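Visitor: The structure that follows is given in the form of structure tokens.
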Amino acid sequence: MTDQLCLHDLSFKRKHHVLFSKLHHTINAGEIIQVRGHNGSGKSTLLRILAGFIEPHSGMVTWNGLCISKDRENYIENMIYIGHSNGIKPNLTVYENLSLTCILTGFQSKDLHIIIKKAGLEAVSHIRAQYLSAGQLRRLCLARLMFASSTVWLLDEPNTALDDEGQGLLNTLLRNHIINHGIAVIATHQALLLNHTVKTIFLGDHHAA
Amino acid sequence: MQLNYLHAFIQITKHEIKIILRSRFTWITPLVFYIMVVCLFPLAIGHDQTLLANMAPGVIWVAALLATIISMGHVFRNDFDEGYLDLLLVSTYPLSLLALTKITSHWISHGLPLILISPLLGLLLNLNTEELCALIFTLLLGTPVLSLIGAIGAALTVTVRSNGLLLPMLMIPFYIPVLIFGTGIMIMTHNHEPVIAYYAMMGAFVLLSLVFAPLLTGQALKIGASG
């Protein structure tokens with residue numbers, strides 16, 4: 001069975017302001033979805049709903065036909081969410097941060113050094129995260145994508161603060177992910193430079209996609 | 001996937017303790033506060049040594065309780081700001097296990113130093129050997145309960161910006177039983193009365209909060225994230 005993430009008539013209100021309503025989408029294995037919209041249009045909220053942090057006001061998200069809030073454990077094992085705030089502990093070193101996330105995701109890996117090298121953080125692997133630049137922190141987040149065998153990637157503005165090389169790293173990761181029949185939902189303003197058709201969800205006033 | 005809960009628990013707790021110990025102010029401030037409060041009492045009361053020994057249980061316990069409340073606010077605050085809570089929420093391990101790692105690391109880094117310094121402070125307050133033992137035993141049973149119950153409050157108020165007195169007001173009513181039994185044991189030891197039933201009661205508090213606090217903390221964190 002191929003994996004499938006479905007959004008069924010999702011609606012979300014903040015106070016009396018409707019962020020989005022009746023959002024309906026089917027995302028199949030091997031697809032990248034870009035979520036676009038102006039600031040405050042609900043991109044991050046949509047991703048947090050897809051990650052199961054927030055319940056939508058109506059509608060539901062299903063993973064392989066099962067509602068993600070009911071089949072939470074199975075979904076969590078197959079999903080990785082990288083949000084706005086990095087989730088990095090400033091007074092742990094790069095290596096320690098990565099090994100902590102590694103334990104939390106329940107993934108046994110002996111090759112953290114290889115991952116750090118791939119992410120281009122070799123020189124700073126024993127430096128505390130508080131001394132890293134914004135771009136390096138972002139790379140550390142993306143390094144998580146390398147050891148996670150998750151099918152669903154939910155990335156909130158993954159390319160902020162990244163240099164060209166970092167951008168290239170992200171694109172390579174995404175390309176490999178698609179080849180392995182993964183799913184990626186990415187909230188970003190920038191155009192994704194992939195040799196792959198990217199479907200787009202527009203939030204806010206631009207309903208004509 | 002094969003998950004080893006005990007292994008994960010130890011590994012995560014190790015990391016958590018490392019995080020706390022590296023930000024020195026977080027764990028030293030409550031400890032210094034505790035020492036200062038207890039040290040000021042002999043100075044203020046003067047040379048009445050019997051009065052001092054009579055007041056000692058109350059003084060030490062109130063100081064320990066307030067020091068714990070001070071430290072409690074930090075438990076999930078940084079995790080929330082750094083987006084680390086999101087990681088905990090999508091972890092393959094149950095949230096109650098992760099809450100227990102936070103509580104354990106809090107107790108090791110905050111409760112244990114209080115207990116270790118207490119004999120010294122007890123001497124300052126003119127306690128005899130028997131009373132010093134009672135002090136250490138009550139703190140050994142009492143401080144885990146303070147950490148366990150406090151974590152529920154800390155998780156509930158994690159999304160409240162500048163919560164100030166909200167957390168203490170929320171927690172103090174639940175701390176009162178521990179305070180009463182903790183000081184009670186010491187007063188009864190002072191009067192040479194049998195205290196075994198009181199110890200049993202304290203033990204019951206520990207077990208009860210050990211079962212429920214991680215579950216409730218986990219639920220509270222889940223609610224906090226959806227805000």
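Visitor: Would a scan of the range B:131-147 turn up a residue that is acidic (Asp, Glu) and open to solvent by 50 Å² or more (accessible area, probe 1.4 Å)? Break it down stepwise before answering.
Guide: Start the filter on the range B:131-147 by keeping residues that are acidic (Asp, Glu), which leaves B:131.
Next cut, open to solvent by 50 Å² or more (accessible area, probe 1.4 Å) only: none.
Scanning the range B:131-147 turns up no residue that is acidic (Asp, Glu) and open to solvent by 50 Å² or more (accessible area, probe 1.4 Å).
Visitor: Given (1) under 19 Å from the mean Cα position of the chain (by Cα); (2) of a type in the set (D, E, K, R); (3) more than 18 Å from B:Ile117 (Cβ to Cβ), where does B:Asp48 come up short, assuming only one miss?
Guide: (1)
Visitor: Just a yes or no: is a residue in the range A:178-200 open to solvent by less than 20 Å² (accessible area, probe 1.4 Å), at pLDDT 85 or above and more than 15 Å from the chain's Cα centre (by Cα)?
Guide: no
Visitor: Among the residues of the range A:100-127, which ones are at the interface with chain B (Cβ under 8 Å from one of its Cβ atoms) and surrounded by fewer than 19 Cβ atoms within 10 Å (Cβ to Cβ)?
Guide: Initial filter on the range A:100-127 (at the interface with chain B (Cβ under 8 Å from one of its Cβ atoms)): A:100-101, A:103-106.
Residue satisfying the conditions is A:Gly106 alone.
Visitor: The conditions are (1) part of a helix (DSSP H, G or I); (2) touching a residue at least 24 places away in the same chain (Cβ under 8 Å); (3) β-branched (Val, Ile, Thr), and B:Val158 fails exactly one of them. Which is it?
Guide: In the conditions (1) part of a helix (DSSP H, G or I); (2) touching a residue at least 24 places away in the same chain (Cβ under 8 Å); (3) β-branched (Val, Ile, Thr), B:Val158 misses (1) alone.
Visitor: Mind checking which helices (runs of 4 or more DSSP H) fall wholly inside the range B:1-81 and carry at least 1 residues that are within 14 Å of chain A (Cβ to nearest Cβ) and under 30 Å from B:Leu97 (Cβ atoms)? Lay out the reasoning, then the answer.
Guide: Values: elements: B:5-22, B:24-45, B:49-72, B:74-81.
The helices (runs of 4 or more DSSP H) meeting that bar are B:5-22, B:24-45, B:74-81.
Visitor: Tell me which residues, restricted to the range A:73-83, are open to solvent by less than 30 Å² (accessible area, probe 1.4 Å) and either without any contact (Cβ under 8 Å) to a residue 24 or more places away in the chain or not hydrophobic (A, V, I, L, M, F, W, C) (or both). Write out each step before concluding.
Guide: Of all residues in the range A:73-83, those open to solvent by less than 30 Å² (accessible area, probe 1.4 Å) come to A:75-76, A:79-83.
Answer for the range A:73-83, where residues must be open to solvent by less than 30 Å² (accessible area, probe 1.4 Å) and either without any contact (Cβ under 8 Å) to a residue 24 or more places away in the chain or not hydrophobic (A, V, I, L, M, F, W, C) (or both): A:Tyr75, A:Tyr81, A:Gly83.
Conditions (1) assigned by TED's automatic domain parsing to the domain that holds A:Asn39; (2) in contact with an Asp or Glu (Cβ under 6 Å, 6 or more places away or on another chain); (3) under 23 Å from A:Met79 (Cα atoms), marked per residue:
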| position | (1), (2), (3) |
| --- | --- |
| A:Val124 | no, no, no |
| A:Leu155 | yes, no, yes |
| A:Ala161 | yes, no, no |
| A:Gln167 | yes, no, yes |
| A:His177 | yes, no, yes |
| A:Leu192 | yes, no, yes |
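Visitor: Let me ask something additional. Pairs please, first residue from the range A:191-207 and more than 26 Å from A:His17 (Cβ to Cβ), second anywhere and open to solvent by 60 Å² or more (accessible area, probe 1.4 Å) and modelled with pLDDT of 70 or more, Cβ atoms under 8 Å, 6+ apart in sequence or on different chains.
Guide: Between residues of the range A:191-207 that are more than 26 Å from A:His17 (Cβ to Cβ) and residues that are open to solvent by 60 Å² or more (accessible area, probe 1.4 Å) and modelled with pLDDT of 70 or more, the close pairs are A:Leu194/A:Arg175; A:Asn195/A:Arg175; A:His196/A:Arg175.
Visitor: Of the residues A:Phe53, A:Phe12, only one is under 29 Å from A:Gln190 (Cα atoms), touching a His at 6+ places or on another chain (Cβ under 7 Å) and within 14 Å of chain B (Cβ to nearest Cβ); which?
Guide: Matching residue, one of A:Phe53, A:Phe12: A:Phe12.
Visitor: Name the single residue that is surrounded by the fewest Cβ atoms within 10 Å (Cβ to Cβ) among those in the range A:42-68 being under 18 Å from the mean Cα position of the chain (by Cα) and of a type in the set (Ser, Thr, Tyr).
Guide: A:Ser44
Visitor: Here is a follow-up. Given the conditions (1) surrounded by fewer than 17 Cβ atoms within 10 Å (Cβ to Cβ); (2) outside any strand (DSSP E or B); (3) in contact (Cβ under 8 Å) with a residue 12 or more places away in the chain, and given that A:Asn39 satisfies all but one, which numbered condition is not satisfied?
Guide: Only one criterion in (1) surrounded by fewer than 17 Cβ atoms within 10 Å (Cβ to Cβ); (2) outside any strand (DSSP E or B); (3) in contact (Cβ under 8 Å) with a residue 12 or more places away in the chain is unmet by A:Asn39, namely (3).
Visitor: Keeping to the range A:84-97, report how many residues are within 11 Å of chain B (Cβ to nearest Cβ), assigned to a helix (DSSP H, G or I) and open to solvent by less than 20 Å² (accessible area, probe 1.4 Å).
Guide: Pass one, the range A:84-97, residues within 11 Å of chain B (Cβ to nearest Cβ): A:84-93, A:96-97.
Filter again for assigned to a helix (DSSP H, G or I), leaving A:96-97.
Checking the rest, the ones that are also open to solvent by less than 20 Å² (accessible area, probe 1.4 Å) come to A:97.
Matching residues across the range A:84-97 total 1.
Visitor: Now for a separate question. Taking the range B:202-227 on its own, how many of its residues are open to solvent by less than 80 Å² (accessible area, probe 1.4 Å) and in a helix (DSSP H, G or I)?
Guide: So the first thing to find is which residues in the range B:202-227 are open to solvent by less than 80 Å² (accessible area, probe 1.4 Å), and the list is B:202-206, B:209, B:213-214, B:217-218, B:220-221, B:224-226.
If we keep only those that are in a helix (DSSP H, G or I) too, we end up with B:202-206, B:209, B:213-214, B:217-218, B:220-221, B:224-225.
Count: 14.
Visitor: In the range B:1-43, how many residues are farther than 27 Å from B:Ser118 by Cβ and aromatic (Phe, Trp, Tyr)?
Guide: 2
Visitor: Give the residue that is surrounded by the fewest Cβ atoms within 10 Å (Cβ to Cβ), with candidates limited to residues of the range A:128-170 that are charged (D, E, K, R) and farther than 15 Å from A:Pro90 by Cα. Break it down stepwise before answering.
Guide: Of the residues in the range A:128-170, the ones charged (D, E, K, R) are A:128, A:138-139, A:144, A:156-157, A:163-165.
Restricting the remaining residues to those that are farther than 15 Å from A:Pro90 by Cα gives A:144, A:156-157, A:163-165.
Values: A:Arg144: 24, A:Asp156: 22, A:Glu157: 18, A:Asp163: 14, A:Asp164: 7, A:Glu165: 11.
For the range A:128-170, the residue satisfying everything is A:Asp164.
Visitor: For a quick check of your reading of the model, give me the residue pairs whose first member lies in the range B:1-12 and is more than 9 Å from A:Ile103 (Cβ to Cβ), whose second is among the acidic types (Asp, Glu) and modelled with pLDDT under 90, with beta-carbon atoms closer than 9 Å and at least 6 apart or on different chains.
Guide: Taking only residues 6 or more apart or on different chains, the pairs are B:Met1/A:Glu77.
Visitor: Within the range A:57-83, can you find the residues that are part of a loop (DSSP other than H, G, I, E, B) and at the interface with chain B (Cβ under 7 Å from one of its Cβ atoms)? First the steps, then the outcome.
Guide: As a first pass, look at the range A:57-83 and keep what is part of a loop (DSSP other than H, G, I, E, B): A:57, A:64-65, A:68-71, A:78, A:83.
Result: A:Gly83, single match.
Visitor: Of all residues in the range B:1-50, count the ones that are open to solvent by 60 Å² or more (accessible area, probe 1.4 Å) and touching a Gly at 6+ places or on another chain (Cβ under 7 Å).
Guide: 1
The values are calculated or read from the model by the stated rules, or taken from the named source; none is laboratory data. Bear in mind that the values here come from a model prediction, so they are computed numbers and not experimental data. Cβ coordinates were reconstructed from backbone atoms using ideal geometry, including for glycine residues, and neighbour counts include every protein chain displayed. Please note that ligands, DNA and RNA were not included when accessible areas were found on the heavy atoms of the full protein model with its side chains. Shrake-Rupley method; radii C 1.70, N 1.55, O 1.52, S 1.80 Å.
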